[in-house]
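The structure appears right after this line, and notes come after that.
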Amino acid sequence: MSKKKKNKRQRPELGLLGFILAAFGLAVMAYFLADRRGHPYGATLSLIWLYVTGVTFTLGVLFFAQFTAPMRSRFGWWEGVRLIMRHYTGLTTQFVRQPRPDDKKRQPSAAVVPRTDIPISLFTMRAGIVRSYQALAITKGNSFVRVAGPGFVNLYAKEEIRQVIDLRVQLRQQPVHASTRDGIPLETSVTVIFQVKHDAADRSQAHLLFPFDKEAIFLISYLQSVNVEGTSYGWAEQLTPRAAALLTWELAQYNLDALIHYPSTAVSPLQEINRRILENLQGQPDLRGIHIIAAKAGPLKLPQAIQEQNIATWRSDWQRKMAIEKATVDAEMIRRKKQARARAQIEIIETIIQNLEVMRQEGESELNQVIILRLIDALEEAVAADSPHALVPHRIMAGLLADASAQMQARLDDPLLPSGQGGEGSRP
């Protein structure tokens with residue numbers, strides 16, 4: 001039941017042919033009518049009814065024509081009349097060319113034309129309003145005729161829409177499988193950002209949201225390619241395959257270490273590759289109608305084994321740096337210990353010499369015992385908690401004590417000391 005209703009809704013209309021048949025039916029009906037006395041009106045009433053029907057139809061078309069075209073002028077009114085008449089004649093043509101049910105079974109199904117990008121009225125009434133980011137490449141036969149849109153577009157006789165051009169900024173991305181010069185496989189991607197070329201200095205299109213160059217539309221409309229499977233690719237699908245091929249060739253010129261390990265102050269190899277790819281695309285003559293904004297390679301994805309090897313290399317390098325740093329710190333600790341030991345010895349000797357000078361001035365007789373006591377006091381002061389040398393280990397302080405005792409003994413044996421305060425005779 002639903003299938004029958006669907007077929008009923010899709011039944012084509014008669015269009016202008018329906019109006020002609022209706023007018024002819026009224027004329028035939030009027031021809032056989034008669035007055036009260038039984039005299040037929042004949043052709044006179046038929047002509048009157050045909051005239052009235054024609055005038056009514058014409059006035060109706062003129063009335064609705066002022067609401068059809070967006071232009072509010074005599075030209076817009078006339079364009080509205082043309083659109084309405086074209087619509088009715090188009091419906092008649094479709095009905096006449098409608099194949100019979102038997103022919104439908106024998107003929108292959110026609111290719112479906114995508115009509116989602118532009119208004120359906122461009123296919124039915126051959127006129128419509130194109131969106132602000134679209135432009136139409138119009139052809140007549142095999143020749144490019146003009147660029148239409150955005151806004152109200154009217155297709156003239158034998159004109160066809162070759163291509164719908166999107167004027168917005170486009171972004172396309174494609175995965176890339178490549179290899180480095182040393183044979184390491186890589187997985188990455190390439191992204192291209194572009195739009196239709198336009199002249200910023202052209203003030204004639206300042207009112208457009210997306211200005212464009214009409215010559216660029218002509219170049220883009222013929223920028224198509226077909227793959228081995230017969231699939232056609234438009235202008236927006238032409239850039240990423242070329243950028244992917246260029247990226248594959250560029251990556252093959254580098255070793256893996258050159259791509260990954262480079263000085264932090266130097267320019268990244270990927271940045272250089274992106275710059276060369278962009279310059280190459282911009283220099284291709286068949287892409288002159290496209291303004292290529294950027295071409296970028298994505299992050300490099302390495303095989304799992306290569307990643308583990310790089311991590312191991314990175315770990316060993318940092319372990320080596322840690323070992324060098326640890327050895328440097330140990331050497332610095334040893335140097336500081338020796339420096340602290342020498343400074344402690346110097347302070348002890350200076351303290352004892354100062355005490356000797358004081359005892360000379362006071363004339364004390366028991367010099368050996370006093371020296372030993374002063375030596376013990378100096379050592380205790382050196383290892384005290386509030387001393388700056390308290391961090392010196394006790395075994396080092398023991399060595400310092402032995403060294404200081406030997407030096408003091410040599411000092412006491414010095415013949416330059418006064419009698420009774422040094423030498424063999426003064427020892428107990």
Whole-Hz couplings from phi, Karplus 6.51/-1.76/1.60, listed for segment 128-138; x for Gly and Pro: x, 9, 8, 5, 5, 9, 10, 9, 10, 8, 9
What percent do you get for the relative contact order of segment 169-302 when only Cα pairs under 8 Å and 6+ apart count? 38 percent
J(HN,Hα) series, segment 159-164, from Karplus relation 6.51 cos²θ - 1.76 cosθ + 1.60, nearest Hz, glycine and proline x: 8, 9, 7, 7, 7, 9
Per-residue ³J(HN,Hα) for segment 334-344, Karplus 6.51 cos²θ - 1.76 cosθ + 1.60, θ = phi - 60°, Hz, x for Gly and Pro: 4, 5, 5, 5, 5, 5, 5, 5, 5, 5, 5
Counting only residues 5 or more places away or on other chains, whose amide H sits under 5 Å from the amide H of Tyr254 once H atoms are built in the peptide plane? Arg181
Which order do Met85, Met322 fall in if you start with the one that has the fewest other Cβ atoms within 10 Å? Met322, Met85
Entries of Lys197/Lys301; Lys301/Lys326; Lys140/Lys214 with Cα pairs more than 24 Å apart: Lys197/Lys301; Lys301/Lys326
What is the calculated FRET efficiency for Leu47 to Glu237, with r their C-beta to C-beta distance and R₀ = 45 Å, to the nearest 0.05? 0.15
For segment 115-166, with the dipole built from +1 on Lys and Arg beta-carbon atoms and -1 on Asp and Glu ones, taken about the Cα centre, which of Ala127, Gly141, Gln163 lies farthest toward the positive end? Gly141
Given the options Ile290, Ser316, Val329, identify the residue whose Cα lies farthest towards the positive end of the charge dipole of segment 260-343 (+1 on Cβ of Lys, Arg; -1 on Cβ of Asp, Glu). Val329
Going highest first, how would you order 202-209, 288-295, 163-170 by mean Cβ packing within 10 Å? 288-295, 163-170, 202-209
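Stretched out fully, how many nm does the piece from Trp78 to Ala331 gain, at 0.36 nm a residue minus the Cα gap? Please list the in-between numbers first.
On the way: separation 253, 0.36 × 253 = 91.08 nm, distance 9.97 nm.
Using 0.36 nm per residue and subtracting the Cα-Cα distance, I get 81.1 nm.
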Counting only DSSP beta bridges fully inside segment 169-302, the antiparallel percentage to nearest 5 is 100 percent
To the nearest 0.05, what FRET efficiency results for Gln224 and Phe19 with a Förster distance of 51 Å applied to their C-beta separation? 0.75
Separation of the Glu350 and Met29 label points, Cα + 7 Å toward Cβ, nm: 13.5 nm
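The numbers here are math on the coordinates, done by the rules we state, and not lab data. The shown structure was predicted, so the numbers you read here are calculated from the model rather than taken from an experiment. All Cβ positions, even for glycine, are placed from backbone atoms using ideal geometry, and neighbour counts span all protein chains on display.
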